[in-house]
Amino acid sequence: MNKIKVMSIFGTRPEAIKMAPLVLELNKRENIESLVCVTAQHREMLDQVMDIFKIEADYDLNIMKKGQTLSEITSKILLGLGDLFKEVKPDIIFVHGDTSTTFSASLSAFYNGIKVGHVEAGLRSGDKNSPFPEEINRSLTGRLADIHFAPTKGNVNNLVKEGIDKKNILVTGNTVIDALKSVVKENYIFEEKVLNNIDFKQKKVILLTSHRRENLGRPMENIFSAVRDIVESNEDVLVVFPMHLNPKVRAIANKYLLNHERIILIEPLEYTPFVNLIAKSYLILTDSGGIQEEAPSLGKPVLVLRTETERPEAVEAGTVKMVGVIKEDIVREANRLIRDEDEYGFMANAVNPYGDGKASKYIVDGVIEYYKLNN
Ligand code: UD1
Ligand code: UDP
């Protein structure tokens, strides 16, 4: 059999983290020619991840420009990949999840007669506008994809309901678990002095992240104002917020979170210290998708600062709770976990609904099998 030419395409931090173990697995296989193209929808936050996993891009569209619109991102990728596909002619591209890179790369592959493998397929919030634009990015990518790698059975059911043929769906678990397993260490020591100085036994450390587009504006004001209240009314609480590079996020953070000795605002952390910080924290407040998958397997309760989730598995298991974006709700639920040990103990269970850490292997086996059957 000729080698299958697989081009993995990604552009943002979370895609890179979750595609890294898959790229490493593709590189190992003799019957695969593995190529990597980054759109660089993110730049610094993407490069950090590439360095950690020692992955080099064969192609780099380098599209990032500060504060660019969704239309700019989408059209640059569509044009850039159109040219690249004509030159390189991959048999199949692998895309991940729900970003603008994911959707534009899939559409470009479709226009150029190239197959699409969708990793982390089938998650649905059911609300077109939330997460925005990710719910639609992921659904449309599902429509364009030829093979769907679904993390859970629930994700498979979502796809089947939309008319996708079951024979083209494989349940694999989530590659986030593959990545996590490779970097979390007991007795981890941070290189960041500010983190090493924290007394994780004396202080209840809340790790905060927030960046979602639908939260920019009033919801994010509510979130940061709630966090300020939580710190001020609980002397044993310390908040760490590695701030997303989006200037819109930073402007709101600066309004509510500056000048408090128990609020630590830092640059985005590299992946390894970040997940080790999850492991050492008391509680996570986040609107991130990926962190909803990582924290449960590290036994950390998560309050999700959103009104919906496309990841119901950990909510059902009890370690993740949706609290929404109303200030009073966030303060009440956080205070409950800070002050009530039973409530905390109930949520602080290590739960991992996202597979056995071998998702990358199943995905690569799956694509090889697909080509055996379809050639
Ligand atoms: C994107 C994804 C979102 C994902 C998030 C992960 C879309 C539509 N959204 O949102 O699904 O959850 O990434 O973080 O694809 N910036 C930098 N350097 C970087 C990264 C970002 O300066 O390395 C700044 C830029 O000003 C950029 C802004 O952040 O314009 C927003 O980045 P963008 O990729 O447009 O959207 P995210 O909100 O990061
Ligand atoms: N992450 C990181 N450094 C940080 C914040 C997050 O490495 O300072 C990692 C985190 O472990 C997770 C991913 O980035 O794997 C989540 O990215 P983000 O929240 O930006 O995007 P989402 O998952 O919401 O798409």
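When GLU261, GLU134 are arranged by Cβ crowding within 10 Å, least crowded first, meaning fewest neighbours, the order is GLU261, GLU134.
Just need the relative contact order of the chain here, percent rounded to a whole number, with Cα pairs under 8 Å and 6+ apart. Don't jump to the answer; show the numbers that get you there.
Working: 718 pairs, mean separation 57.2, N = 375.
Relative CO of the chain lands at 15 percent.
With 10 angstrom as the radius, rank TYR282, TYR354 by how many other C-beta atoms surround their C-beta, starting from the fewest. Could the numbers behind the result be given before it?
On the way: TYR282 19, TYR354 25.
Taking fewest neighbouring Cβ atoms as first place, the list is TYR282, TYR354.
Counting beta carbons within 10 Å around each of HIS244, HIS96, HIS42 and listing the fewest first gives the order HIS244, HIS42, HIS96.
Per q in 0.06, 0.07 Å⁻¹, report the Debye log10 I(q)/I(0) for the chain, using one uniform scatterer on each alpha carbon and no solvent. After summing over all Cα pairs, the log10 values are -0.22, -0.30.
At the listed q of 0.15, 0.26, 0.31 Å⁻¹, the Debye profile of the range 320-375, built from one uniform point per Cα, gives log10 I(q)/I(0) equal to -0.64, -1.02, -1.14.
Residue pairs exceeding 19 angstrom between C-alpha atoms, taken from LYS18/LYS280; LYS203/LYS327; LYS5/LYS28; LYS5/LYS86; LYS66/LYS193: LYS18/LYS280; LYS203/LYS327; LYS66/LYS193. Put a dot 7 Å past the Cα of GLU267, heading toward its Cβ, do the same for ASP199, and the two dots end up 3.0 nm apart. The slack in the chain from LYS153 to GLU232, taken as 0.36 nm per residue of separation less the alpha-carbon distance, amounts to 24.2 nm. For the range 8-124, pairs of C-alpha atoms spaced more than 21 angstrom apart make up 31 percent of the total. Straightening the chain between LEU140 and ASP342 buys 68.4 nm, computed as 0.36 nm per residue apart minus the Cα-Cα spacing. Extension gain for GLU162 to ASN112 (0.36 nm times residue separation, less C-alpha to C-alpha distance): 15.6 nm. In this structure, GLU72 and ASN31 have a Cβ-Cβ separation that, at R0 = 51 Å, corresponds to a calculated FRET efficiency of about 0.85.
Kindly rank 73-82, 206-215 from highest to lowest mean number of other beta carbons found within 10 Å of each residue. Could the numbers behind the result be given before it?
On the way: 73-82: 18.9, 206-215: 22.0.
Listed from highest to lowest mean packing, they are 206-215, 73-82.
A simple spin-label model places the labels of ASN374 and ASN187 4.9 nm from each other, with each point 7 Å out along Cα-to-Cβ.
Comparing LEU216, LEU140, LEU123 in a Gaussian network model of the chain where C-alpha atoms under 10 Å apart are linked, the largest mean-square fluctuation is found at LEU216. For the range 33-95 versus the range 263-283, the inter-centroid distance based on Cα atoms is 27 Å.
Go ahead and estimate [θ] at 222 nm for the chain from helices alone: -39,500 (n - 2.57) per DSSP H run with n ≥ 4, summed, over the residue count, rounded to 500.
Working: 16 runs with 176 residues, N = 375.
The helix-only estimate for the chain comes to -14000 deg cm²/dmol at 222 nm.
Each value in this text was obtained by applying a stated rule to the coordinates, not by laboratory testing. Predicted model, so just to flag it, every value in this text is computed and none were measured. Please note: Cβ atoms are built from the backbone with ideal geometry, for glycine as well, and neighbour counts cover all protein chains shown.
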